Amino acid sequence: MIKKGIKIRLMEPKDLGAVAEIDQKLVNVSRLDYFEEKFELLFKSGEYVPTSFVAEDENGKVIGFIMGKLYIGEFGLSNEGAAIDSVGVDPACQRQGIGDKLMDQFIFHLKQLDVKKINTLVDKNNHQMMSYFDAEKFKPSKTVINLERSI
Ligand SMILES: CC(C)(COP(=O)(O)OP(=O)(O)OC[C@H]1O[C@@H](n2cnc3c(N)ncnc32)[C@H](O)[C@@H]1OP(=O)(O)O)[C@@H](O)C(=O)NCCC(=O)NCCS
């Protein structure tokens, strides 16, 4: 069922607590420090274009988020690619179209900035995330692979 009264808006520094709280519900551990660092980088460094969004319910409560990264390099905006850093919807509100609305707004915004490609890393074993990105028309990259080495 599609949830009604959902508003998608640009993420603001004041959303840190709500975002970290949703993340904690998703990963069962508090990563507030980690999100503090991310927020610092995205909002205060001046090196990134705002491309992150939150979803609010009809009472203004933040129930989902998508954090994007679009670097303003030394030579100005790189329109080659943006990245999705993290995405999360409160477990109580999942499967109601909120993740889809967040992605729609994110893509709409990036298209206006003339961005041509979005990439993200997903754990292949995370069925939920794989299904979500598949539903959002993401495909495995033809040109880039993730190399790793156990040491
Ligand atoms: C993945 C996630 C963002 C999707 O958000 P959502 O609001 O539930 O997504 P939507 O309702 O818009 O679903 C869009 C499509 O994604 C797919 N999908 C979403 N959740 C799914 C699930 N649990 N199983 C299978 N497919 C799923 C479906 O194709 C769905 O379309 P449908 O409902 O019409 O079948 C959300 O479930 C989530 O936050 N998961 C945890 C993510 C996480 O662990 N993040 C780490 C912290 S950053």
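Miscellaneous remarks
- Residue within segment 36-51 that is in contact (Cβ under 8 Å) with a residue 40 or more places away in the chain, basic (Lys, Arg) and either loosely packed, with under 13 Cβ neighbours inside 10 Å or out of contact with any helix residue (DSSP H, G or I) (no Cβ under 8 Å at 6 or more places or on another chain) (or both) present: yes
- Residues of segment 1-55 that turn out to be within 13 Å of the ligand (Cβ to nearest atom) and of a type in the set (D, E, K, R), as a count: 6
- Set side by side, the residues ILE2, ILE8 differ, and just one is at pLDDT 95 or above, among the aliphatic types (A, V, I, L, M) and in contact with a helix residue (DSSP H, G or I) (Cβ under 9 Å, 6 or more places away or on another chain), which is ILE8.
Yes or no, residue by residue, for (1) modelled with pLDDT of 95 or more; (2) open to solvent by less than 50 Å² (accessible area, probe 1.4 Å); (3) within 20 Å of ASP90 (Cα to Cα):
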position: ASP114; (1), (2), (3): no, no, no
position: LYS117; (1), (2), (3): no, no, no
position: HIS127; (1), (2), (3): yes, no, yes
position: MET130; (1), (2), (3): yes, no, yes
position: PHE133; (1), (2), (3): yes, yes, yes
position: LYS137; (1), (2), (3): yes, no, no
position: LYS142; (1), (2), (3): no, no, no
position: ILE145; (1), (2), (3): no, no, no
position: GLU148; (1), (2), (3): no, no, no
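- Segment 89-122 - residue that is of a type in the set (Val, Ile, Thr) and in a helix (DSSP H, G or I) and, of those, nearest to the ligand (Cβ to nearest atom): ILE98
- Test: ILE151 is more than 25 Å from LEU16 (Cβ to Cβ) and not in a helix (DSSP H, G or I): yes
- Any hit, segment 62-80, residues being at pLDDT 95 or above, within 15 Å of the ligand (Cβ to nearest atom) and more than 18 Å from the chain's Cα centre (by Cα): no
The values are calculated or read from the model by the stated rules, or taken from the named source; none is laboratory data. Since we're looking at a predicted model, the values are computed, not measured. Glycine also receives a Cβ, built like all others from the backbone with ideal geometry; neighbour counts cover every protein chain displayed. Keep in mind that these areas ignore ligands, DNA and RNA; they rest on the heavy atoms of the full protein, side chains included. Shrake-Rupley method; radii C 1.70, N 1.55, O 1.52, S 1.80 Å.
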